[in-house]
Structures are given as C-alpha cells and as structure tokens.
Amino acid sequence: MAAKDSPLKQFEIVPYSNTELGNYDISFTNSSLSMVITVAVITLFLTLTVNPRSIIPSRMQLISELMYNFIAQLLSDTVGDNGKKYFPFVFSLFMFVLIGNMVGMVPYQFTFTSHIIVTFALAAVVFIGVTILGFVNHGIKFFTFFYISGVPFYMHPLLIPIEVISYLSRPISLSVRLFANMLAGHTLLKVFAGFVVAMPFFTGALPLAFIVALTGLEILIAFLQAYVFAILTCLYINDAYHLH
Amino acid sequence: MPQLNPEFFVSQLFWLVVTFSFLFVFLWRVSLPRIGNVLEKRERKITEDLTAAKELQAEASQIQEEIEKQLKQARTDASEMIKSSSIALQDKAQTELKKLDKELETKIDESAKAIDKSKSESVSQIQDQIHQITKLTLSKVATFNVSDDEIKKAVSNSERSIN
C-alpha cells in the first residue's frame with residue numbers, strides 16, 4: 001500500500017502558512033483551520049439562534065437552550081451549587097470537543113480531536129485547574145484525597161501509591177480516551193473506504209453499506225466522547241470540593 | 001503515525017490556545033448570558049402568569065361565592081315575600097268574609113223583622129176581617145146580638161186551636 005493511500009494519511013498535518021513566533025513554528029495548518037471552523041460554528045450558532053431572544057423559542061433557539069440546559073443539568077447533578085462558576089468552562093469544553101468531532105465527520109475535514117497533543121492539552125488544563133482548585137479549597141488537607149479511611153492500616157502503603165498513580169493518570173486517560181476513539185473510528189472508516197475501491201465489480205457495495213452504518217456509529221461516538229469528557233471534568237471538579 | 005510527529009506540536013498548541021480561549025471568552029461573556037437571560041425571562045414569565053392565573057381564579061371563586069350568596073338571599077327573600085303576601089291576602093279575605101257575613105246577617109235580620117212585621121200586620125188584618133166576617137155572619141144567621149168581645153175571644157180561641 002502506497003503512503004498516499006495509508007488510512008493514517010488523513011491525520012497528517014498540512015501547513016497553509018509558514019508563520020514563526022520567536023523560534024517556534026506556529027504555522028496555520030489544516031488542524032488550525034478545523035479549530036477555527038469549530039469555534040466559528042459554535043459562536044455563530046449560539047449567537048444567531050438566540051438572537052431573537054424569544055419567550056417561545058424557534059427550533060434553532062431550542063437547540064441552543066437544550067445544550068445549555070444539558071450541561072447546566074450535568075454540572076448541578078455532579079457538582080451541585082458549587083458548579084455554577086465552572087459552567088462557562090465546562091460548556092466551552094463540551095462544545096469544542098463535540099463540534100470538533102462533528103466537523104471531523106465531514107468528509108475531507110481534518111479532525112483535530114484525533115491528535116493526542118490537542119486532547120492532552122485540554123485534559124492537562126482540566127487536571128491542573130482541578131488540582132489548583134483542590135489546594136485552594138482544602139490547602140494541605142488536599143493530600144488526604146489519597147488516604148482512604150476505613151481500610152486496615154497495613155493496606156495504606158499499597159493503597160496510597162495506587163491512589164496517587166490513578167490521580168496522576170487522569171489527564172492521560174482523559175486525553176487518550178478521546179484521541180483513541182477518534183483515531184480508531186476515522187481509521188476504520190478509511191480502511192473500509194479502501195475496500196470499496198479495491199473490491200471487484202459490485203461487491204464494493206458491501207463495505208460501502210458498512211461505512212454508512214459506521215458513520216452513524218461514529219456520530220454517536222463523537223457525541224458520547226464529548227459527553228464523557230464533560231462529565232469527567234465535572235466529576236474531577238466535584239472531587240476538588242468533596243474529597244473522598 | 002502523524003500524531004506522534006512533534007513537528008507541528010507547537011503550532012497545534014498555539015492555535016488550540018488561541019481558538020479555545022476565544023471560544024471560552026466569547027461563550028462566557030456573550031452567548032451563555034444571552035441564553036441564560038432568555039431562560040430566566042421565560043421562567044419569570046411562566047411564574048408570573050401562573051400567579052396571575054391563581055389570583056384570577058381566587059377572584060373568580062370569590063365572585064362565584066358572592067353570586068351564590070346573593071341567589072340564596074334572593075330565594076329566601078322571595079319565599080318570605082310569598083309567605084307574607086299570602087298571609088296578608090288570607091287576612092284580607094277573612095275580614096272581607098266577616099264583613100260580608102255581618103252585612104248579610106243584618107240584612108237577614110232586617111228582612112226577618114220586616115217579614116215578622118208584615119206577618120203580624122196581616123195576622124191582625126186577617127183577625128179583623130175574620131172578626132167582621134164572623135160578626136156579619138152572626139148578624140145575618142142568628143137573631144141574637146153577640147158582643148164584640150165575645151167574638152174576639154172565640155176567634156182567638158179558634159186561632160189557638162189551629163195553631
């Protein structure tokens with residue numbers, strides 16, 4: 001299989017400009033374009049649909065309100081009243097990941113959520129923010145987060161390292177989950193697309209049908225992963241308020 | 001795998017920071033307050049309408065109560081009126097009847113008296129006539145004279161026996 005037909009080729013980054021800031025290359029690439037499109041879609045949709053500010057909403061306004069209520073409900077269910085101030089951040093995160101995934105589902109569009117560096121950066125922001133929040137709320141007592149009460153004392157030498165490791169692996173699991181899902185889904189689609197071309201006569205219809213079904217599944221996963229990213233962020237925020 | 005190629009890491013991070021920061025600030029400052037305001041406005045409108053509806057309902061039930069009260073009052077008033085007017089009518093009828101009775105009684109009395117009077121008059125007339133007839137008959141039939149007193153006596157005797 002030639003390199004240009006590789007299923008991973010869709011993840012390659014193509015620079016559109018050669019911009020440098022200091023010694024760093026900050027070229028505008030297809031990944032950047034995807035991000036810009038995503039942000040444009042979100043901001044335009046949420047602004048234009050709610051513009052009439054109707055008491056009785058139009059269908060489009062209703063979609064915006066549903067999204068708003070969806071995340072507001074999620075935050076109040078997991079964090080409670082403390083969660084209100086993090087609403088803009090969690091909402092932005094959810095929308096960014098969701099629309100990023102959806103933009104990635106458009107053929108020939110680059111999926112920036114399939115890049116570990118992007119998802120890891122988002123997860124790291126959450127992780128660092130939540131850790132700072134934990135220290136602000138509880139001070140040095142935050143370390144009791146790793147101490148599980150109610151177990152025999154001789155278990156602690158084992159349990160505390162496990163707790164610490166599981167805490168530190170949070171950003172990794174959070175980012176890898178999203179990245180791996182996007183990577184696997186898009187690769188699978190591309191592999192089956194390759195079959196459509198490679199198979200003789202009309203047998204290519206079979207993988208094509210499979211692609212149609214997979215696309216539906218991928219759209220579901222795109223939503224699900226955004227939801228998982230948002231709900232885990234909420235749970236981490238909750239942990240920063242209520243230690244074990 | 002292109003994901004592990006660090007060539008564009010910095011570029012991606014840079015554009016991620018730029019786009020996500022813009023998105024966050026825009027949603028935080030513009031979009032979310034708008035949606036929040038709309039939802040709040042709706043919530044407020046709904047609660048206002050609900051309270052207004054409740055107030056109106058209370059008012060309506062109060063009016064209904066008033067109407068029922070007035071109806072009840074009207075019914076009792078009407079029945080009382082009927083009662084009192086029927087009593088008054090009965091009284092009036094009774095007094096009329098009594099008056100009529102009295103009038104009739106006096107009239108009956110008067111006529112009885114008149115009848116009595118005419119009866120006694122006619123009786124005395126008849127007696128006189130009988131007396132004269134008897135006297136005449138006697139004077140024609142018999143040769144002896146009979147005094148008036150004796151005739152009267154005989155007539156009254158015969159009258160008594162008739163009666």
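A short reminder: the numbers here are calculations on the coordinates, not readings from a lab. Model, not experiment: these values are computed from the prediction. Glycine also receives a Cβ, built like all others from the backbone with ideal geometry; neighbour counts cover every protein chain displayed.
Data overview
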item: Protection proxy ranking, peptides A:210-216, B:61-67, A:24-30, average beta carbon neighbours within 10 Å, highest first; result: A:24-30, A:210-216, B:61-67
item: Sorted peptide list for B:97-106, A:38-47, criterion being average Cβ within 10 angstrom, highest first; result: A:38-47, B:97-106
item: Peptides B:76-84, B:7-15 ordered by average Cβ neighbours within 10 Å, highest first; result: B:7-15, B:76-84
item: Helix-only CD estimate at 222 nm, as mean residue ellipticity for chain A, using -39500 (n - 2.57) per DSSP H run (n ≥ 4); result: -23500 deg cm²/dmol
item: Per-residue HN-Hα couplings for the stretch B:14-21 [Karplus 6.51, -1.76, 1.60; θ = phi - 60°; Hz; x = Gly/Pro]; result: 4, 6, 4, 4, 4, 5, 5, 4
item: Integer Hz, Karplus 6.51/-1.76/1.60 couplings in order for the stretch B:108-117, x for Gly and Pro; result: 4, 4, 4, 5, 4, 4, 4, 4, 4, 4
item: For the stretch A:46-118 versus the stretch A:128-147, the gap between their alpha-carbon centres in whole angstrom; result: 28
item: Mean projected area (nm²) of the alpha-carbon convex hull when the stretch B:45-156 is viewed from all directions; result: 11.2
item: Calculated [θ] (222 nm, deg cm²/dmol) that DSSP helices of n ≥ 4 give over chain B, each run adding -39,500 (n - 2.57); result: -33000 deg cm²/dmol
item: Angstrom value of the Kirkwood radius, inverse mean 1/r, which spans all Cα pairs in the stretch A:112-244; result: 17.6
item: Listed residues A:LYS190, A:LYS141, A:LYS84, most fluctuating in chain A (Gaussian network, C-alpha, under 10 Å); result: A:LYS141
item: Helical segments meeting 20 Å axial Cα length and Kyte-Doolittle 1.6 threshold in chain A (DSSP H); result: A:30-50, A:87-105, A:116-138, A:205-241
item: Neighbouring partner chain Cβ atoms per residue of A:26-33, average, 10 Å criterion; result: 5
item: Amide H contacts under 5 Å for A:THR29, placed H, 5+ residues apart; result: A:TYR16
item: Geometric extent, Cα atoms of chain A - Rg, Dmax (angstrom); result: 21.6, 69
item: Other protein chain Cβ atoms within 10 Å, averaged over every residue that makes up A:116-127; result: 3
item: Neighbouring partner chain Cβ atoms per residue of B:1-7, average, 10 Å criterion; result: 6
item: Simple Cβ-charge dipole of the stretch A:17-241, Lys/Arg +1 and Asp/Glu -1, about Cα centre, in debye nearest 20; result: 200
item: Gap separating the Cα centres of the stretch A:166-216 and the stretch B:90-113, nearest whole Å; result: 123
item: The protein assembly as shown: translational diffusion in µm²/s, Stokes-Einstein, Kirkwood Rh over Cα pairs, 25 °C, 0.890 mPa s; result: 78
